[in-house]
Amino acid sequence: MNDPSAASPGPLPTIPPLVALAMRPLPLLPLQLVLGGVLQRIHRRNPALFDRLGPHARARFGIRPIDLPFAFVVEATPPRLSVVRDLPPGLDARISASFANLLALLEGRVDGDALMFSRELVIEGDVEAVLALRNAIDDAQLDLAAEASSLFGPLGVPVRRAFEAARGHVIGSSGQASS
Amino acid sequence: MQLSLGPVLYNWAPERWRDFYFRIADEAPVDVVSVGEIVCSKRSPFFADHIPAVVERLQSAGKQVLLGSLILVSLRRERRQTEELAAVEGAMVEVNDLTCLRALAGRPHAIGPFVNIYNEASAAFHAAHGAKRICLPPELPLASVATIAKAIPDVTTEVFAFGRVPLAISARCYHARLHKLAKDNCRFVCEKDPDGLLLNTLEQQDFLTINGVQTLSHTCANLLGDAGILRESKVGSLRLSPQDCDMVEIARIFRDVLDGRDDADGGNRRLAAVYAGVPFSNGFLWAEPGHLYRRGRSGDMQSVAPQIGPV
Amino acid sequence: MMELICPAGTPAALRSAIDAGADAIYCGFNDETNARNFPGLNFSRDEMRKSIALAHGRGARVLVAINTFPRASAVELWHRAVDDAVSAGADALILADIGLMDYTARRHPNQRLHVSVQAAAANPDAIAFYAETFGAKRVVLPRVLSVPEIAEITRESACETEVFVFGGLCVMAEGRCSLSSYATGKSPNMQGVCSPPSHVTYEQTADGTKSSLGGFAINRFAVSEPAGYPTLCKGRFSTAQGAGYIFEDPVSLDATTLLRGMRNAGVTALKIEGRQRGRAYVESVVRHFRHALAALESGSETDIASLKPFTEGQASTLGAYRKTWR
């Protein structure tokens, strides 16, 4: 019997170093504006997510995709996101993984503990805050393509298609849990 | 305030075990003594022959004797053993697993520290079903101990006051596993460690104690300095758990402090001399990590100093 | 057919479990009344009511775990959890504390009651005590028993039995372990947490990642060496007799290959551990066991992809189900 639902073993692809190198000179501000908008929108549409964070809603998280030349500093309340070359000191917690794994985690397509066990996800700092964030996100069932495209008004549909294509390219057709 | 002596948790040689209790009967100022193998049913046959003599000597010396039941009962042989224990007349059973309760059917009994009683409702349930003495789980904080003790005034409430703290029980034998033996053919290697086997962290910090299927703390619980507040909290008995040291002297020290012949500081100095090299702990009582030790009521918590042992 | 009992730490995970073929889902309130009291996890009263209604609409049952031991002087908090779970329509309550079982049996005599694994009822006498005293209908067996022992218990008990088939494996008898509170002051029995994340640190060193609990170093992993949860029973230690994983390796239970034995032993329900895990875990593991059960039923051979990515240390064990584990 072939079980199409079983976990697809093997890690998600990482972004090739050459591509990452080519991205290095890109200006960060436009990216920050777009992602900041996505975060604001998630905040508006998923109040339960922020309730779940409880006392950790004010934590500052540093998120570093290990295969990209920049990183993010994210705060939930008030929702704030900045794109930086290097993570600043003084963050409550730092999370690093490949960009694909981070996207898959955001959408609940992979299990965070499984990524910890396989060492593809590294956590430092306030472990409790990170767990709260992960559990809150997992419950929210975010669809990043929908969240991002909705920022673009009438251009939303083509933006959504482009995002889904890009996601498919980065993550593969699915994450750990195919369906 | 009574003093009670808990059962020997380690695998001592049978003659040594017998002589230990003979001396307790003759010399130790304890009111209650709990006997019997409660950790590993494989060890029981070694002590069985000596139990009648030990019980008789203790009772003749005026001690109340409790017969401890096995902590973890899963095999048929262990169930039978537990059932037989419940049928014994002339001494109360100390229940360490609920398996016993059905066979006891409401007859008077004691409850050991391995039964989960965390609140006044559970304590009242057991009191209503025949419990006359309850030794509370070692991890209970003082606030809970006090609430429970006040809720069951007709039952003697006891706390675990001296000895390495029992922390876990397993179906797996770690002594056998460490010696690369199967549990069924363990050759009783735990007898090599009459005070348990020290377990260190990767950074050589003394941490836990292995005793066959049981895991205990490395630190030695010591509530001598807390005896006053325990008495105010209606605790009626302090339990001393046998270690590989002069337990008669340990009991004398507790009795001296309880009766005002010595103060807590003097008593603690004497305890440290009798059971040397093992740090004290009382963190559980103060709702702190169990390995910590707080001196007196107003003292600060002190972390157990990491002891660098030979690598 | 044996029932499949699946974990849910969030309403979304509960929906995933139903989608993947769960017969029943177990979950708890977002406070210290349940034994997976982790940040960001579990159900508010409102979420519980809605989730139970949703599950019932889709033919699935919901078992509410209220399986910590009530704190002295605060027993009402647990009583309220019981009352609220009953009024939300819970199909069964999973309880561990004797006092709470007593309360439930008196106050809600018609409520179905399951004995939690935290109660550590490991033999027919203990199980009979719960069945006779509180009318318990099912017992979740502690993970200290072999399959023949489970068969014996099931034969001798009026109670249904439920056994774990996948996920985190307690090495110590459940509900009787104070290792976590010895190191951190927080325990599964009282606060509903083992190795609380607030007391866990990961430190990147030249030798790899060092994990500590309450200030005690409990493991060190080389850069790409598979890891497990930072629990004491799966840490590396040293003794005069040798060093390494003294209690247990970082592994998860996977009893996929024992399903036939469990059925022959008369087991009523199979339980998947992992209320702290994500939707991806719930979806994949539940679907895996749904397929395995279907294959068992039809007598066909199972050729099921491995659940290895979801296991601690990327490795699995049959645990105490195989007697040599001891």
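The values are calculated or read from the model by the stated rules, or taken from the named source; none is laboratory data. Note that the coordinates shown come from a computational prediction; the quantities given were computed from them, not determined experimentally. In this analysis, Cβ positions are derived from the backbone assuming ideal geometry, glycine residues included, and neighbour counts consider all displayed protein chains.
Points to keep in mind about this one:
- Residue count for segment C:254-287, restricted to those that are more than 8 Å from chain A (Cβ to nearest Cβ), closer than 19 Å to residue C:25 by Cβ and in a helix (DSSP H, G or I): 3
Yes or no, residue by residue, for (1) within 14 Å of chain C (Cβ to nearest Cβ); (2) buried (at least 17 other Cβ atoms within 10 Å of the Cβ):
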position: A:40; (1), (2): no, no
position: A:47; (1), (2): yes, no
position: A:55; (1), (2): yes, no
position: A:58; (1), (2): yes, no
position: A:61; (1), (2): yes, yes
position: A:81; (1), (2): no, yes
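- Criterion violated by residue C:3 - all others in (1) surrounded by 23 or more Cβ atoms within 10 Å (Cβ to Cβ); (2) more than 11 Å from chain A (Cβ to nearest Cβ); (3) under 16 Å from the mean Cα position of the chain (by Cα) satisfied: (1)
- So residue B:74, is it closer than 29 Å to residue B:232 by Cα and of a type outside the set (Lys, Arg): no
- Residue B:101 being under 30 Å from residue C:323 (Cα atoms) and part of a loop (DSSP other than H, G, I, E, B): no
- Of the strands (runs of 3 or more DSSP E) lying entirely inside segment A:49-137, those containing at least 1 residues that are under 30 Å from residue A:17 (Cβ atoms) and hydroxyl-bearing (Ser, Thr, Tyr) are A:80-84, A:93-97.
- Flag if residue A:66 is touching a Ser or Thr at 6+ places or on another chain (Cβ under 6 Å) and either closer than 22 Å to residue C:309 by Cα or surrounded by 21 or more Cβ atoms within 10 Å (Cβ to Cβ) (or both): yes
Rundown of residues vs (1) basic (Lys, Arg); (2) under 23 Å from residue B:271 (Cα atoms); (3) crowded, with 20+ Cβ neighbours inside 10 Å; (4) in contact with a Leu (Cβ under 9 Å, 6 or more places away or on another chain), yes/no style:
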{"residue": "B:160", "(1), (2), (3), (4)": "no, yes, yes, yes"}
{"residue": "B:164", "(1), (2), (3), (4)": "yes, yes, yes, yes"}
{"residue": "B:169", "(1), (2), (3), (4)": "no, no, yes, yes"}
{"residue": "B:176", "(1), (2), (3), (4)": "no, no, yes, no"}
{"residue": "B:182", "(1), (2), (3), (4)": "no, no, no, no"}
{"residue": "B:188", "(1), (2), (3), (4)": "no, no, no, no"}
{"residue": "B:193", "(1), (2), (3), (4)": "no, yes, yes, no"}
{"residue": "B:196", "(1), (2), (3), (4)": "no, yes, yes, yes"}
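- Residue among C:38, C:29, C:69 that is aromatic (Phe, Trp, Tyr) and closer than 19 Å to residue B:117 by Cβ: C:69
- Subset of segment B:232-259 [more than 26 Å from residue B:58 (Cα to Cα) and more than 14 Å from chain C (Cβ to nearest Cβ)]: B:232
- Residue B:43 being of a type in the set (D, E, K, R) and touching a Phe, Trp or Tyr at 6+ places or on another chain (Cβ under 9 Å): yes
- If you check B:152, B:148, B:134, B:111 for being facing chain C (nearest Cβ under 10 Å) and at pLDDT 95 or above, only one passes: B:148.
- Of all the residues in segment C:289-300, those that are touching a residue at least 60 places away in the same chain (Cβ under 8 Å) and facing chain A (nearest Cβ under 10 Å) number 1.
- Residues of segment C:222-251 classified as more than 7 Å from every other protein chain (Cβ to nearest Cβ), surrounded by 19 or more Cβ atoms within 10 Å (Cβ to Cβ) and over 23 Å from residue C:186 (Cβ atoms), total: 1
- Check on residue B:223, crowded, with 19+ Cβ neighbours inside 10 Å and at the interface with chain C (Cβ under 8 Å from one of its Cβ atoms): no
- Among the residues of segment B:130-164, those that are part of a strand (DSSP E or B) and more than 12 Å from the chain's Cα centre (by Cα) comprise B:131, B:132, B:133, B:134, B:156, B:157.
- Segment C:162-194, subset among the small types (Gly, Ala, Ser) and more than 15 Å from the chain's Cα centre (by Cα), residue farthest from residue C:249 (Cα to Cα): C:185
- Count of segment B:269-285 residues which are within 18 Å of residue B:113 (Cβ to Cβ) and in a helix (DSSP H, G or I): 3
- Tally of residues being without any contact (Cβ under 8 Å) to a residue 60 or more places away in the chain and crowded, with 21+ Cβ neighbours inside 10 Å across segment A:95-114: 7
- Scope segment C:203-214; condition within 22 Å of residue A:56 (Cα to Cα) and surrounded by fewer than 18 Cβ atoms within 10 Å (Cβ to Cβ); matching residues: C:203
- Scanning segment B:116-125 for residues that are touching a residue at least 12 places away in the same chain (Cβ under 8 Å) and either surrounded by fewer than 24 Cβ atoms within 10 Å (Cβ to Cβ) or more than 9 Å from chain C (Cβ to nearest Cβ) (or both) yields B:116, B:120, B:124.
- Lone qualifier among C:85, C:119, C:92 - being under 16 Å from residue C:271 (Cβ atoms), assigned by TED's automatic domain parsing to the domain that holds residue C:52 and buried (at least 23 other Cβ atoms within 10 Å of the Cβ): C:119
- Scanning segment B:165-210 for residues that are assigned to a loop (DSSP other than H, G, I, E, B) and at the interface with another protein chain (Cβ under 7 Å from one of its Cβ atoms) yields B:171, B:172, B:173, B:179, B:182, B:201, B:202, B:203, B:205.
- Scanning segment A:40-81 for residues that are aliphatic (A, V, I, L, M) and modelled with pLDDT under 90 returns A:42, A:48, A:49, A:76.
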